[in-house]
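The values are calculated or read from the model by the stated rules, or taken from the named source; none is laboratory data. Keep in mind the model is a prediction, meaning the values are calculated, not measured. Here the Cβ positions follow ideal geometry from the backbone for every residue, glycine too, while neighbour counts run over all protein chains shown.
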DNA sequence: TGCCAGGCCGGGT
DNA sequence: ACCCGGCATGGC
């Protein structure tokens, strides 16, 4: 019997402690930073974002810049030839839609409408959209990255064949809305611990007693 | 030294 | 509806 999401969250929080609050500079900054973070390490992401802001200093300057100039500014983040056109196109689309470079209007939309707008932008998939919704807008969306996906399968919160996109729907429906932030932070942290320190058999895992893949499940 | 990082897209089955 | 290759720098 697999543990419930609430049980898993409580156990992770008891073991690791409550996640620290995360600062956000607003939905547009969150979106651009999250695009830079796609399949990229934290340190490279921060370097790329700093490079972008140092070079241009405003959303308008980035929107107006040629994609190769944006690529130069974010090169240290990796995948610059992919991300530079994405960032430019996203800013152009927002400017065209709204007449200004701001995503603050999303805060007054229902969750699914805000998500639909974000994912309609090229280069913005379910994970990136969920980051903006959760971190910048405080909405109950769950970013499912590789860690959350893998750990959720391992703990039996979702089936072994559920893909990342479906995992967003299933986990958001199963996790209490007020727990979405802690669930995301704790599952990622736990995923990193499993990945780095407890391989290959999760020996010593603090959730061994409720993980169907490690020990005897108690619900 | 090689592997991989908090994805997403487009093309092929 | 899935599967897969491509993208690419820096840290361990």
Flag if residue A:180 is within 25 Å of residue A:203 (Cβ to Cβ) and at pLDDT 95 or above: no
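Which is surrounded by fewer than 21 Cβ atoms within 10 Å (Cβ to Cβ) and within 15 Å of DNA strand B (Cβ to nearest atom), of A:84, A:89?
Numbers: A:84 fails: surrounded by fewer than 21 Cβ atoms within 10 Å (Cβ to Cβ).
Answer to the selection: A:89.
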Close pairs from region A:111-128: first over 17 Å from residue A:82 (Cβ atoms), partner within 16 Å of DNA strand C (Cβ to nearest atom) and modelled with pLDDT of 95 or more, Cβ under 6 Å, at least 6 apart: A:118/A:124; A:126/A:168
Unique match (being within 30 Å of residue A:159 (Cβ to Cβ), within 16 Å of DNA strand C (Cβ to nearest atom), touching a residue at least 24 places away in the same chain (Cβ under 8 Å) and in a helix (DSSP H, G or I)) among A:34, A:6, A:45, A:40: A:34
Boolean, residue A:93 is away from DNA strand C (no atom under 16 Å from the Cβ) and within 30 Å of residue A:5 (Cβ to Cβ): no
